[in-house]
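The values are calculated or read from the model by the stated rules, or taken from the named source; none is laboratory data. Just so it is clear, the model here is predicted, and its values are computed rather than measured. Positions of Cβ are generated from backbone atoms using ideal geometry, with glycine treated the same way; all protein chains shown enter the neighbour counts. The area values use the complete protein model at the heavy-atom level, side chains included, leaving out ligands, DNA and RNA. Shrake-Rupley method; radii C 1.70, N 1.55, O 1.52, S 1.80 Å.
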Amino acid sequence: MGVGRRQVLLGGFGFGLAAAAGPRLASARDEAETREGFSTYGIVPGGGEIDQTATLQLAADEAAESGTPLFLPAGVYSTSRLSLKSGAQIEGVPGRSILRHRDGGAILSLDGVENVRLAGLVLEAEGKPLGGGGSLLAATATKHLDLSDCRFLGSSEHGVVLRKVSGWIKNCEIGEIGKAGLFSEDAAGLQIAQNHVHDCGDNGILVWRSETGEDGTIVSGNRIERVAAKSGGSGQNGNGINVFRAGSVLINGNRIADCAFSAIRSNAGSNCQMIGNSCARLGEVALYAEFAFEGAVIANNLVDKAAIGISVTNFNEGGRLAVVQGNLIRNLFLRKDAEIRGIGIAVEADTVVSGNVIEGSPAFGVMIGWGPYLRDVNVTDNLIRNAHIGIGVSTDPAAGAALITGNLISGAKDGAIRAISGATPVGPDLVKESPESYRNLAVHANIARG
């Protein structure tokens with residue numbers, strides 16, 4: 001490599017820094033030599049005391065232009081905002097190459113670039129102000145972004161903010177975040193996998209669109225825990241994974257625990273799939289498909305401790321069309337507020353509820369409809385144990401049809417299958433007496449045990 005602008009600019013400064021760094025510089029060079037195809041571009045850690053913004057920016061620029069990745073040896077680098085160019089590749093020693101925020105918003109910023117790879121870096125802000133909506137890493141209109149084995153820690157605002165981004169975020173840690181751990185808007189082909197997101201003030205992972213439409217983000221194999229709702233609200237905060245207006249999002253194989261509201265909440269996200277997730281200790285609805293959506297598959301999930309296990313709702317807003325199958329839901333609790341809680345599964349329109357196991361519901365094992373908001377629901381072959389009421393179904397004069405067949409209901413305290421007005425049971429147990437007086441119900445071959 002020839003003498004570039006960086007070497008000229010730092011020619012005089014480099015000798016002084018080398019003398020001050022002493023053995024650290026020699027160690028950094030030795031470490032770089034072990035990584036074939038990488039260069040330190042003369043960068044050595046400053047211990048967090050020296051402002052290294054200018055030298056880091058020059059090194060990152062030259063790395064992007066030359067095609068030789070920048071390697072940051074273990075240590076602390078104090079920096080303000082760095083803007084990365086297309087082709088930039090920066091790698092550090094996982095957990096030990098630390099970019100520490102000084103001021104000026106995001107530590108790393110990408111705008112209108114492509115083919116950027118970051119690996120083995122720690123970005124930390126120690127709770128310093130980042131400005132409203134700020135983040136440790138911000139990327140806009142970025143193609144083929146690859147973040148791997150990085151840590152994003154101590155943000156007073158967000159951890160990572162992506163807008164119109166395609167690529168991977170994998171094997172990263174995002175924690176001790178004031179607001180959202182990872183926020184993606186208008187993704188262009190994004191996979192969020194195998195990350196650890198923890199201790200967030202408002203939300204874990206957000207997958208949003210500015211307008212309702214196809215998104216296709218895959219959120220898989222992440223561990224998400226301890227998510228609060230410090231900014232308040234009735235559900236927009238406090239969620240492990242939140243989908244808003246984003247269609248065809250696949251959420252599978254995640255472990256989500258200790259969230260103030262939901263493990264997974266999809267608002268106006270059509271064709272959302274929630275498959276094979278393990279969810280524990282949720283303050284409200286564990287798995288939620290709500291408002292104006294068409295199409296949801298909620299299958300093979302485990303929910304342990306929530307106010308409601310699964311809710312597919314808001315038919316009045318256009319929420320419809322779902323399969324709720326093969327889920328295990330247990331240890332539900334009453335939460336006395338504006339709405340009824342302590343329900344295993346609640347559905348309203350154009351939905352099949354099949355093959356689920358629900359144990360321990362202080363209100364309903366399954367609730368079908370709410371007042372007039374019921375249409376074409378099939379509840380078949382479920383096992384419901386130790387519920388106050390096994391299945392409650394709306395018989396409002398304006399309610400649509402419900403088929404309830406082949407369910408085994410054990411230990412229901414106030415009836416296996418009851419007609420309901422709102423949340424109030426009316427009439428006899430429909431396992432024991434014919435539902436002929438209710439024109440919208442077909443109830444067959446269910447078994448109730450005391």
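Can you give me the accessible area per residue for segment 289-413, using a 1.4 Å probe, in Å²?
35 Å²
Residue ranges 157-165, 242-250 sort as 157-165, 242-250 when ordered by packing (mean number of other C-beta atoms within 10 Å per residue, highest first). Modelled label positions at N115 and L383, each set 7 Å beyond Cα in the direction of Cβ, lie 5.5 nm from each other.
With the cut-off at 1.5 for a/c, could you classify segment 263-407 from its C-alpha gyration tensor as rounded, prolate or oblate?
Working: a/c = 1.31, a/b = 1.12, b/c = 1.16.
Because its axes are fairly even, with a/c under 1.5, segment 263-407 counts as rounded.
Charge tally for A229 (other residues, Cβ to Cβ under 10 Å; Lys, Arg +1; Asp, Glu -1): -1. Helical runs assigned H by DSSP (4 residues or longer) give the chain a calculated mean residue ellipticity at 222 nm of -2500 deg cm²/dmol, each run adding -39500 (n - 2.57) before division by the residue total.
The residues neighbouring R320, those whose beta-carbon lies less than 10 Å from its own, together hold a net charge of -4 under the Lys/Arg +1, Asp/Glu -1 convention.
Would you please put 212-223, 298-309 in order of how densely packed they are, using the mean number of other Cβ atoms within 10 angstrom per residue and starting with the highest? Could the numbers behind the result be given before it?
Details: 212-223: 19.2, 298-309: 24.8.
Going from most to least packed, we get 298-309, 212-223.
Once the Cα atoms are used to define both axes, helix 23-33 deviates from the longest principal axis of the chain by about 70 degrees.
Placing a pseudo-label 7 Å from each Cα along the Cα-to-Cβ vector at E433 and S248 gives an inter-label distance of 5.1 nm.
How would you classify segment 313-399 from its alpha-carbon gyration tensor, with a ≥ b ≥ c the square roots of the eigenvalues: rounded for a/c under 1.5, else prolate if a/b is greater than b/c, otherwise oblate? It is oblate, given that a/c is not under 1.5 and a/b is not larger than b/c. Rounded if a/c is under 1.5, else prolate if a/b beats b/c, else oblate: with a ≥ b ≥ c from the C-alpha gyration tensor eigenvalues square-rooted, which is segment 73-117? Verdict is oblate for segment 73-117.
In the context of the full set of protein chains, segment 89-233 has a per residue accessible area of 36 Å² (1.4 Å probe). Our note on the geometry: Cα centres of segment 160-196 and segment 371-450, 42 Å apart. The angle between the Cα long axis of helix 53-66 and the longest principal axis of the Cα atoms of the chain comes to about 90 degrees, rounded to the nearest 10. Along its principal axes, the chain has C-alpha extents of 93, 36, 33 angstrom, given from the largest down. Once the Cα-Cα distance is subtracted from the 0.36 nm per residue extended length, the T424 to T68 segment shows a gain of 121.3 nm.
Helix 11-21: angle to the longest alpha-carbon principal axis of the chain, degrees 0 to 90, nearest 10? The helix 11-21 is inclined about 70 degrees to the chain.
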